[in-house]
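Enquirer: Once you've had a glance at the structure underneath, I'll fire off some questions.
The values are calculated or read from the model by the stated rules, or taken from the named source; none is laboratory data. Treat the numbers as computed from the prediction; the structure is a model and nothing was measured. Here the Cβ is made from the backbone with ideal geometry for all residues, glycine too, and neighbour counts use every protein chain on show. Heavy atoms of the whole protein, side chains included, go into the accessibility calculation; ligands, DNA and RNA do not. Shrake-Rupley method; radii C 1.70, N 1.55, O 1.52, S 1.80 Å.
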Amino acid sequence: QAWELYQNGAFGMIISDWMMPVLDGVQLCQRVREVQGRPYTYVILLTSRSDRESLVEALAAGADDFVAKPFDDQELHARIRSGERILELSHELARQMEQMAKANRCIKQINTQMTRDMQGLMRSLDGWIRQPDGSAASGPVDLRDEVKQELRGELMGIIDQWISTLAPAAPENVK
């Protein structure tokens, strides 16, 4: 029944007895760990077993914590709070990773557009420095002041556009 509940719902934490009918706590834990594409589930196993081998078996199966019975209520509550902190950190990490992926996609788009803009600018510049007959100018080329101003203006426009596009996409807490 525990496995069916898990499959049909989103559980951040599972507290399971080791000894259960049909599917024991270790098997449940193994199945939970095999599931892909779901947020992390913190698993605490309760058991009357307290030997080292049982602890190792539970942790190897993917349990996050192991509490021997009979257990103290305060200890169990402390372990639950510890699991909640780990889950909060896991959710925060996932959120930050999504923000970073979004920022990365935005940077790639900006880079692609800037590359196109710069290639167009270079083609324009190449056309400005050709001789009237279409041949490439030889030696240093002294661009007229108006061409220099136009080139400077286009470059500044591209840079300003890039900065204004990038600024809103950057997550506030990413440095």
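Enquirer: Which residues, counting only those in region 20-49, are at pLDDT 85 or above and aliphatic (A, V, I, L, M)?
Expert: Within region 20-49, VAL26, LEU28, VAL32, VAL35, VAL43, ILE44, LEU45, LEU46 meet the criteria.
Condition check ((1) at pLDDT below 90; (2) farther than 30 Å from ILE158 by Cβ) across all residues:
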site: ARG52; (1), (2): yes, yes
site: LEU59; (1), (2): no, yes
site: PHE71; (1), (2): yes, yes
site: GLN74; (1), (2): no, yes
site: ARG85; (1), (2): no, yes
site: LEU89; (1), (2): no, yes
site: ALA94; (1), (2): no, yes
site: LYS102; (1), (2): no, no
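Enquirer: Looking only at region 104-119, count every residue that is in contact with a Leu (Cβ under 9 Å, 6 or more places away or on another chain) and either open to solvent by less than 50 Å² (accessible area, probe 1.4 Å) or among the basic types (Lys, Arg) (or both) and tell me the total.
Expert: Matching residues across region 104-119 total 2.
Rundown of residues vs (1) under 19 Å from the mean Cα position of the chain (by Cα); (2) at pLDDT 65 or above, yes/no style:
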{"residue": "GLN113", "(1), (2)": "no, yes"}
{"residue": "GLN119", "(1), (2)": "no, yes"}
{"residue": "ALA137", "(1), (2)": "no, no"}
{"residue": "PRO140", "(1), (2)": "no, no"}
{"residue": "ASP145", "(1), (2)": "no, no"}
{"residue": "GLU150", "(1), (2)": "no, yes"}
{"residue": "GLY153", "(1), (2)": "no, yes"}
{"residue": "VAL174", "(1), (2)": "yes, no"}
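Enquirer: Cβ-Cβ below 8 Å, separation at least six or inter-chain, first residue in region 1-21 and over 17 Å from LEU46 (Cα atoms), second at pLDDT below 80 and part of a helix (DSSP H, G or I): which pairs?
Expert: PHE11/LEU5
Enquirer: Out of region 21-54, which residues are open to solvent by 60 Å² or more (accessible area, probe 1.4 Å), more than 32 Å from the chain's Cα centre (by Cα) and of a type outside the set (Val, Ile, Thr)?
Expert: Within region 21-54, PRO21, SER48, ARG49, SER50, ASP51, ARG52, GLU53 qualify.
Enquirer: Moving on. Restricting to region 72-107, name every residue that is of a type outside the set (Gly, Ala, Ser) and more than 16 Å from the chain's Cα centre (by Cα).
Expert: ASP72, ASP73, GLN74, GLU75, LEU76, HIS77, ARG79, ILE80, ARG81, GLU84, ARG85, ILE86
Enquirer: Could you list, in sequence order, the residues of region 63-84 that are charged (D, E, K, R) and surrounded by 11 or more Cβ atoms within 10 Å (Cβ to Cβ)?
Expert: Once the filter is applied, which keeps residues that are charged (D, E, K, R) and surrounded by 11 or more Cβ atoms within 10 Å (Cβ to Cβ), region 63-84 yields ASP64, ASP65, LYS69, GLU75, ARG79, GLU84.
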